[in-house]
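Structure record follows, encoded as structure tokens.
The values are calculated or read from the model by the stated rules, or taken from the named source; none is laboratory data. Computed from a predicted structure; not experimentally measured. Note that each Cβ is placed from the backbone with ideal geometry, even for glycine, and that neighbours are counted across all protein chains shown.
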Amino acid sequence: MSPVLAGVLQLLALVVALGLSCRPLGDHMAKVYSPEKHYRPEKRIYRAIGANPSVETRWPACLRGVLAFSAVSVLFPYLLQRVQGSLPGSLGSVSIGPDHAFNTAASFVANTDWRSY
């Protein structure tokens, strides 16, 4: 069998497998991820964060959540890099300057992963 024919057959088998499994797996995932009943730990978490699982999230609430998560995702790495020299087990590393710390933290949130070494 030629490599091209093997590749085409493998691609065809993948497409058929995905086509056959899409509906049953999709139905199962919908049942698992959108239950009618919420367990006690879930209810506590919902109450703590102020979420209502029976109401669809509107875009302003989603925007607030994304912005809050992004702010924390910048602030925590920034502070961690600024105090790096005084942390236990720092092995003699020095703290990073404020401009480099902010640049690195912001690049992680922007998903650029750009660091200056």
For Ser54, state whether it is surrounded by 11 or more Cβ atoms within 10 Å (Cβ to Cβ) and either at negative phi or out of contact with any Ser or Thr (no Cβ under 6 Å at 6 or more places or on another chain) (or both). no
Filter segment 10-34 for residues that are among the hydrophobic types (A, V, I, L, M, F, W, C) and closer than 30 Å to Thr57 by Cβ; which is modelled with the lowest pLDDT? Val32
Quick one: is Gly92 at positive phi and either loosely packed, with under 10 Cβ neighbours inside 10 Å or not in a helix (DSSP H, G or I) (or both)? yes
Could you please find all residues in segment 38-92 being among the β-branched types (Val, Ile, Thr), over 19 Å from Asn111 (Cα atoms) and touching a residue at least 12 places away in the same chain (Cβ under 8 Å)? Val83
Please verify whether segment 100-110 includes one or more residues that are out of contact with any Pro (no Cβ under 8 Å at 6 or more places or on another chain), exposed (fewer than 11 other Cβ atoms within 10 Å of the Cβ), of a type outside the set (Val, Ile, Thr) and in a helix (DSSP H, G or I). no
Can you tell which of Ala71, Ala30 is surrounded by 11 or more Cβ atoms within 10 Å (Cβ to Cβ) and either of a type in the set (A, V, I, L, M, F, W, C) or touching a Phe, Trp or Tyr at 6+ places or on another chain (Cβ under 9 Å) (or both)? Ala71
If you go through segment 55-63 one residue at a time, do you hit one that is under 30 Å from Thr112 (Cβ atoms), at pLDDT 90 or above and not charged (D, E, K, R)? yes
